[in-house]
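Enquirer: Take a look at the following structure, please.
The values are calculated or read from the model by the stated rules, or taken from the named source; none is laboratory data. Note that the coordinates shown come from a computational prediction; the quantities given were computed from them, not determined experimentally. Here the Cβ positions follow ideal geometry from the backbone for every residue, glycine too, while neighbour counts run over all protein chains shown. In case anyone asks, the SASA skips ligands and DNA or RNA and just uses the protein heavy atoms, side chains included. Shrake-Rupley method; radii C 1.70, N 1.55, O 1.52, S 1.80 Å.
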Amino acid sequence: MMGRTMFIDPGRCIGCQACVSACRECDSHRGKSMIHLDYTDEGSSVASLPTVCMHCEDPVAPCAEVCPADAILVTADGVVQQADTTRCIGCANCVNACPFGVPKIDLQAKLQMKCNLCYDRTAYGLAPMCATVCPTGALYYGTVEELQAERPGVQVADTFVFGESEVRTGVAMVVPAERVQWPVPGGLPVVEINGKDVRR
Amino acid sequence: MTADPRAADGRTIVPLDPSLAPPGTRGFRDAGGIPADQWHADQNGETLVPTHCCFCGVQCGMYLRVDRGGKVFGVEPRNHDINRMRLCPKGINAYQQVNHPDRLTAPLMRRSRDEELREVSWEEALEFTVSEIRRIQQEHGRDAFGVLGGASLFSEKTYLVGKFARVALKTRHVDYNGRLCMVSAAGANKLAFNIDRAGNPFSDILLTDCLLLAGANVGECFPVLTQYVWGARDRGATLIVVDPRETAVARTADIHVALKSGTDSAFFNAVLNVIIEEGLTDEAYLAAHATGWEEVKANVAQYPPSRAAEICGIPAEQVVQVARAFARAPKAMAFHARGIEHHTQGVENCLTVINLCTATGHIGKPGAGYGTLTGQGNGQGGREHGQKADLLPGGRSILNEEHRRQICEIWGIEESELPAAGTSMMEMVWQMQRQEIRGLIGICNNPFVSLPNYAVVKEGYDTTEFHAQFDFFLSETAANAHVVFPVTIWAEDEGVMANAEARVVKHNKAQEPPSGVRTDTWVMCEIARRLGEGDKFAFGSSREVFDELRRASAGTIIDYSGITYERLEETGGISWPCPSTDHPGTPRLFEDGTTYHADGKIHMQVVEWHPPADPYDAEHPMTLTTGRTVAHFLSGNQTRRLGALVEQTPRPWAEVHPSHGFHNGEPVRVVTRRGSEVFPALVTEAIRPDTVFIPYHWPVPTAANALTIDALDPRSKIPEYKVCACRIEHAEAIDEVPAPPVAPGHVAYPETQVSRTDPLPPTAPQGRGTSERS
């Protein structure tokens, strides 16, 4: 299972967009937010959830794999960095490849930008800015053990299925314990809970 | 408290040696407990100044990032007890106000409203103001001049507002915009407990087994408190939300009571009825600690669940569910906010909640008690020390001879010189309409947006012969004034605020004010000096005012005498009463079962439900209710200038149920007896079909408060913002939906600071759910 990473808990999200504002304050892409706030059941519920880069582990970051300019670096600790400004050609291959719809292209600058897990902060042992400020803990940074100690009984998923492809991610999503066999929010079937295969 | 992990990245957190601090900052020691040997300057010379957010009553701790040149340029989360690093979008963006291009940096003046405001010298602005005060008071009497303060000011300044009005201007007319906030809760708490504050600290929420949130949209108005709510839920606590809308917190509640706005007291009376019927009262607690129980019991017998179901428009079973959940819980807490307080029976609504807590013995224990959530940063502290029409410092009554004598001794005036009680904020506006008040000084408030029934407010202000306003941005109200004094923003001065727990926290100065800007304290003292009362206003700093405030509060229930700036910096906040410098403060009230009434008991009050002030009829069959969005603060004078917050919620909308046949974004005209306005529809099932909701942070022509009624609670004098009769109609064309107005003098924030990464929605805001279903 993953080490210190980000957990997304849609059940706690209040849609306040503190994460979006906080992301703008991050020194590595100051002035731009790399977080989307999504509404899952518009018109009948106020339910919302933040979407951050899932930092895919296996297969290694589709965005990086398809980059023709080798602009997207995956660090040894599994963080998929935003595009290297000296290499990125703004072709948007990464946008098409990402199964979670995360990278953004600044067309004027011909540059891809996305969440790099606040590398300027996590390198110092700090939590990413969004998870630091999230008023509700819908974004949480730590280990799964720390999360479970704080929220007894919480279950997380870090493996998702897209058609016939499986993607294991460095960022995990909290799923309702009583619904482990059901799709997680967003319609993605859960295949693994806390490291255990739950498909059977 | 754990050390702040910011210490790990090498930035300066605590400049212990003041000589190392950039110009305009002070050598603060953070209450977060960073060891003295862990700081050192980094290569950029950045300093983190510990302080608190300027906005709501949670008062989150934060650091302001200050550059080598002494300018605030960013924010950093702070591990303070209250918020534990969390911040909401308002808190994150608050720092952008400090050096915003819209800041007023010179006094503005005009001698009549026919002229444009123009920049003048401080001397000219002060001289004109003082001559107008003298003229109006000589011609029409001292009470013809009024002062309206603000509850976003530091407590030192609110103390000074009360003293300034009564000693320098010698007028009885002083009140404040906290009158629009939580005075109903204050009135109820005084009646029941004889103390005007919440009973428990926020941290008690984590210990409760049942949390009742009544008219409190925690997710949007106090987002950082959600961590406490979710913490309680993690422990298995039952969450009950009473709100006509499905708010973000109501969405996850065990019981969401979507009652009709304006029916709260009928509902809570019925809940108590069930608690009695099912034998769930704590009779031993009632016998020992309460008076009035028999009368309350007899009264609620008239409110069976079937009657509440009829009045409130909810299933009767929900009354039973709430009663059982609340009364059977080993520990239960009730928090309320403007949803039940903004009513003509706001005080009574709060009393019915207090009756519930009392009857079940859920008072004065860890995890059991009551509280009110404050809208403004200093909504609690702003009324404690004499800014309110009927109160003197320390919460003393201006009608009580002994209290008057005590304060006159401290102020150095004769008791005969101290004016009588004044009138409330809305009543003062009516008096302005009638020319009973002909001159007004407003200090950091914006009634043109925040008061109900805009037409009346505008007429009242237009009728005044002289109007001066203190502000750091040119608000809609300031644009109406004859004189506008440019004053400091929160990060440019030091002072204290009391949050919704009655915890006094200290704000620190992070940068020098721009050239041409003075502190509110300086301006009030200078006007007082020119009026010949300078000896009583010889204050050179906030600290000097605070020392007098501490003395003025000594011996009262609201005792600050043991609170010092140094203690606040060491502890991270102290809850009053704190009668001596070795007293730890009082985070939780009534732990020994006694209240602040002479008999030590809770005085339960009989409450009879009555309908709202604005009657329904065939033309106005629906309910208009108003409230806040997470991105904006009160009148929006501050937040409507910050790009990120404008982008998040660019304009108001009318939230309507799909059953009315509107499509999302379609223009909907909302009509009340005060007028009509057109808004884009936000169609959602998260609201009752008989109710329409409009957020109120914008001025005309998209002002919710152009439609609301200026009816007041007879005791608290709070306006009934939360309910008035209305109808909704299809508007002809989308161009009837006016563009969101910008504040006078508004300049967009520089693009480099806030850049847009997503396109804005065409008409309706993001969030809250949208639908084209009909």
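Enquirer: Examine the stretch B:207-216 for a residue that is of a type outside the set (D, E, K, R), farther than 21 Å from residue B:606 by Cβ and in contact with a Ser or Thr (Cβ under 6 Å, 6 or more places away or on another chain), and state whether such a residue exists.
Expert: Yes, the stretch B:207-216 has at least one match.
Enquirer: Can you tell me which residue is nearest to residue B:501 (Cα to Cα) among those in the stretch B:223-242 that are within 22 Å of the chain's Cα centre (by Cα) and within 9 Å of chain A (Cβ to nearest Cβ)?
Expert: Only one residue fits best here, namely B:225.
Enquirer: Report, by residue number, each residue of the stretch B:243-263 that is open to solvent by less than 20 Å² (accessible area, probe 1.4 Å), more than 14 Å from chain A (Cβ to nearest Cβ) and either of a type in the set (Ser, Thr, Tyr) or over 21 Å from the mean Cα position of the chain (by Cα) (or both).
Expert: B:255, B:257, B:259, B:261, B:263, listed by residue number.
Enquirer: Same structure, new question: Report yes if residue B:297 is without any contact (Cβ under 8 Å) to a residue 60 or more places away in the chain and closer than 24 Å to residue B:199 by Cα, otherwise no.
Expert: Here the answer is yes, as residue B:297 does meet what is asked.
Enquirer: I've got another one for you. So which helices (runs of 4 or more DSSP H) are wholly in the stretch A:65-181 and hold at least 3 residues that are within 14 Å of chain B (Cβ to nearest Cβ), touching a residue at least 24 places away in the same chain (Cβ under 8 Å) and within 16 Å of the chain's Cα centre (by Cα)?
Expert: Correct list: A:129-133.
Enquirer: Moving on. Are any residues in the stretch A:26-36 open to solvent by 30 Å² or more (accessible area, probe 1.4 Å) and either free of Cβ contacts under 8 Å to residues at least 12 places away in the same chain or within 7 Å of another protein chain (Cβ to nearest Cβ) (or both), and if so, which ones?
Expert: A:30, A:32
Enquirer: Check the stretch A:13-25 and report whether any residue there is surrounded by 18 or more Cβ atoms within 10 Å (Cβ to Cβ), within 14 Å of chain B (Cβ to nearest Cβ), assigned to a loop (DSSP other than H, G, I, E, B) and touching a Leu at 6+ places or on another chain (Cβ under 6 Å). Show your work before the answer.
Expert: At the first step, the residues of the stretch A:13-25 found to be surrounded by 18 or more Cβ atoms within 10 Å (Cβ to Cβ) are A:13-25.
Then keep just the ones that are within 14 Å of chain B (Cβ to nearest Cβ); that gives A:13-25.
If we keep only those that are assigned to a loop (DSSP other than H, G, I, E, B) too, we end up with A:13-17.
Going one step further and asking which of them are touching a Leu at 6+ places or on another chain (Cβ under 6 Å), we end up with A:13, A:17.
Scanning the stretch A:13-25, I find at least one residue that is surrounded by 18 or more Cβ atoms within 10 Å (Cβ to Cβ), within 14 Å of chain B (Cβ to nearest Cβ), assigned to a loop (DSSP other than H, G, I, E, B) and touching a Leu at 6+ places or on another chain (Cβ under 6 Å), so the answer is yes.
Enquirer: How many residues are in contact with a Phe, Trp or Tyr (Cβ under 7 Å, 6 or more places away or on another chain) and either more than 30 Å from residue B:136 (Cα to Cα) or not in a helix (DSSP H, G or I) (or both) when one looks only at the stretch B:531-545? First the steps, then the outcome.
Expert: Taking the stretch B:531-545 and keeping what is in contact with a Phe, Trp or Tyr (Cβ under 7 Å, 6 or more places away or on another chain), we get B:536, B:542-543, B:545.
From what's left, either more than 30 Å from residue B:136 (Cα to Cα) or not in a helix (DSSP H, G or I) (or both): B:542-543.
Within the stretch B:531-545, residues that are in contact with a Phe, Trp or Tyr (Cβ under 7 Å, 6 or more places away or on another chain) and either more than 30 Å from residue B:136 (Cα to Cα) or not in a helix (DSSP H, G or I) (or both) number 2.
Enquirer: Filtering the stretch B:667-698 down to residues that are over 21 Å from residue B:710 (Cβ atoms) and surrounded by fewer than 20 Cβ atoms within 10 Å (Cβ to Cβ), which residue is farthest from the other protein chains (Cβ to nearest Cβ)?
Expert: Among residues in the stretch B:667-698 that are over 21 Å from residue B:710 (Cβ atoms) and surrounded by fewer than 20 Cβ atoms within 10 Å (Cβ to Cβ), the one farthest from the other protein chains (Cβ to nearest Cβ) is B:669.
Enquirer: Would you tally the residues in the stretch A:1-12 being more than 7 Å from chain B (Cβ to nearest Cβ) and outside any loop (DSSP other than H, G, I, E, B)? Break it down into steps so the answer makes sense when it comes.
Expert: Filtering the stretch A:1-12 for residues more than 7 Å from chain B (Cβ to nearest Cβ) gives A:1-10.
Filter once more, so that each one left must be outside any loop (DSSP other than H, G, I, E, B): A:5-8, A:10.
Residues flagged as more than 7 Å from chain B (Cβ to nearest Cβ) and outside any loop (DSSP other than H, G, I, E, B) within the stretch A:1-12 amount to 5.
Enquirer: For the stretch B:620-636, check the following and say yes or no: at least one residue is within 14 Å of chain A (Cβ to nearest Cβ), in contact (Cβ under 8 Å) with a residue 12 or more places away in the chain, part of a helix (DSSP H, G or I) and surrounded by fewer than 24 Cβ atoms within 10 Å (Cβ to Cβ).
Expert: No: zero hits.
Enquirer: Can you find even one residue in the stretch B:161-171 that is out of contact with any helix residue (DSSP H, G or I) (no Cβ under 7 Å at 6 or more places or on another chain), more than 27 Å from residue B:541 (Cβ to Cβ), of a type outside the set (Lys, Arg) and in contact (Cβ under 8 Å) with a residue 40 or more places away in the chain?
Expert: Checked the stretch B:161-171: no residue is out of contact with any helix residue (DSSP H, G or I) (no Cβ under 7 Å at 6 or more places or on another chain), more than 27 Å from residue B:541 (Cβ to Cβ), of a type outside the set (Lys, Arg) and in contact (Cβ under 8 Å) with a residue 40 or more places away in the chain.
Enquirer: Here are some conditions: (1) more than 14 Å from the chain's Cα centre (by Cα); (2) away from chain B (no Cβ under 14 Å). Residue A:55 meets all but one. Which one does it not meet?
Expert: Failing condition for residue A:55: (1).
Enquirer: Something else: Assuming residue B:98 fulfils every condition listed in (1) open to solvent by less than 20 Å² (accessible area, probe 1.4 Å); (2) out of contact with any strand residue (DSSP E or B) (no Cβ under 7 Å at 6 or more places or on another chain) apart from one, which condition is it?
Expert: Here residue B:98 meets the rest and fails (2).
Enquirer: Got at least one residue in the stretch B:204-214 being farther than 16 Å from residue B:253 by Cβ, touching a strand residue (DSSP E or B) at 6+ places or on another chain (Cβ under 8 Å) and touching a residue at least 24 places away in the same chain (Cβ under 8 Å)?
Expert: Yes, the stretch B:204-214 contains at least one residue that is farther than 16 Å from residue B:253 by Cβ, touching a strand residue (DSSP E or B) at 6+ places or on another chain (Cβ under 8 Å) and touching a residue at least 24 places away in the same chain (Cβ under 8 Å).
Enquirer: While we're here: Is it the case, given these coordinates, that residue B:714 is at pLDDT 95 or above, within 22 Å of the chain's Cα centre (by Cα) and assigned to a loop (DSSP other than H, G, I, E, B)?
Expert: Judged against the criteria, residue B:714 is a match.
Enquirer: Specify which of the listed residues (B:542, B:553, B:561, B:515) is under 30 Å from residue B:71 (Cβ atoms), polar (S, T, N, Q) and crowded, with 17+ Cβ neighbours inside 10 Å.
Expert: B:542 is the lone residue from the list that is under 30 Å from residue B:71 (Cβ atoms), polar (S, T, N, Q) and crowded, with 17+ Cβ neighbours inside 10 Å.
Enquirer: OK, next. Among the listed residues B:366, B:315, identify the single one that is surrounded by fewer than 21 Cβ atoms within 10 Å (Cβ to Cβ), within 19 Å of residue B:595 (Cβ to Cβ) and not hydroxyl-bearing (Ser, Thr, Tyr).
Expert: B:366
Enquirer: Another one. Which condition breaks for residue B:348 when tested against (1) assigned to a helix (DSSP H, G or I); (2) farther than 30 Å from residue B:149 by Cα?
Expert: Just one mismatch for residue B:348, condition (2).
Enquirer: Give the number of residues within the stretch B:222-267 that are out of contact with any strand residue (DSSP E or B) (no Cβ under 8 Å at 6 or more places or on another chain) and not aliphatic (A, V, I, L, M).
Expert: Selection size over the stretch B:222-267: 13.
Enquirer: Restricting to the stretch A:39-64, give me the number of residues that are in contact (Cβ under 8 Å) with a residue 24 or more places away in the chain, under 30 Å from residue B:664 (Cα atoms) and part of a loop (DSSP other than H, G, I, E, B). Talk me through it step by step, then tell me what you get.
Expert: First, the residues of the stretch A:39-64 that are in contact (Cβ under 8 Å) with a residue 24 or more places away in the chain: A:39-40, A:46-59, A:62-64.
From what is left, the residues that are under 30 Å from residue B:664 (Cα atoms) are A:39-40, A:46-52.
The next check asks that each one be part of a loop (DSSP other than H, G, I, E, B); those that pass are A:40, A:46-47, A:52.
Here the count works out to 4.
Enquirer: Answer yes or no as to whether residue B:219 is crowded, with 22+ Cβ neighbours inside 10 Å and at positive phi.
Expert: no
Enquirer: Follow-up. For residue A:176, are the conditions met, namely being modelled with pLDDT under 85 and out of contact with any Asp or Glu (no Cβ under 9 Å at 6 or more places or on another chain)?
Expert: So residue A:176 fits the description; yes.
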